[in-house]
Structure formats: C-alpha cells, structure tokens
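A short write-up of the structure that comes next.
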C-alpha cells in the first residue's frame, strides 16, 4: 500500500494568528527582559531547532546551524507586535547578555 504523506491535521480550523509568524513565535517559550534601550521579548532557540545561518548583531559573527542562541524583538515597539516581530534578530546567548 502506498504511503500517505499528507499532514494528519488541516490548518483550516486554526485562527489566522496561529498560521502567521506572530502566532508561531508567541506559541513557544519566551520571556521579557529589560535592557538599556527598552523592553524585549526573548525566546531561546535550541541547537536542534537552529537550522539556518544568522548574523549576530552583537558581534557581527555567524550563528551556524546547530548552535543554541536567542531570538529577540521589541516588546514596546511603536509600530505594534507584527512590525516588532518582523524586525526580530538572532543573537548569540553571550552577546545578548552583554547587550
């Protein structure tokens, strides 16, 4: 019998915010942190979930696949949550602590 590769659940029953990036980011474990320049949402990314190369804004070095790091975006952005989420950045954990 041929294998069925279709997802078992349909996304038709989910609200719109769960289908876009905001819903996916907010669904994970996250916290707020106060820094010198305001309040930030911070979400850790485990090494097994890190599958792309990112450029850390703290040290300007690459975050390679498989390296645990954090994703941060403004919690007090003037343009709203969607705009802040679109401007999120991936940081080395150490670089984020030094920010």
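The values are calculated or read from the model by the stated rules, or taken from the named source; none is laboratory data. Treat the numbers as computed from the prediction; the structure is a model and nothing was measured. All Cβ positions, glycine included, derive from the backbone under ideal geometry; neighbour counts span all protein chains shown.
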*asked:* Testing residue 71 on (1) in contact with a strand residue (DSSP E or B) (Cβ under 6 Å, 6 or more places away or on another chain); (2) at pLDDT 95 or above; (3) part of a loop (DSSP other than H, G, I, E, B), one condition comes back false. Which one is that?
replied: (3)
_Matching residues in segment 74-99 - criterion: being over 17 Å from residue 36 (Cβ atoms) and part of a loop (DSSP other than H, G, I, E, B)_ = 78, 79, 80, 87, 88, 92
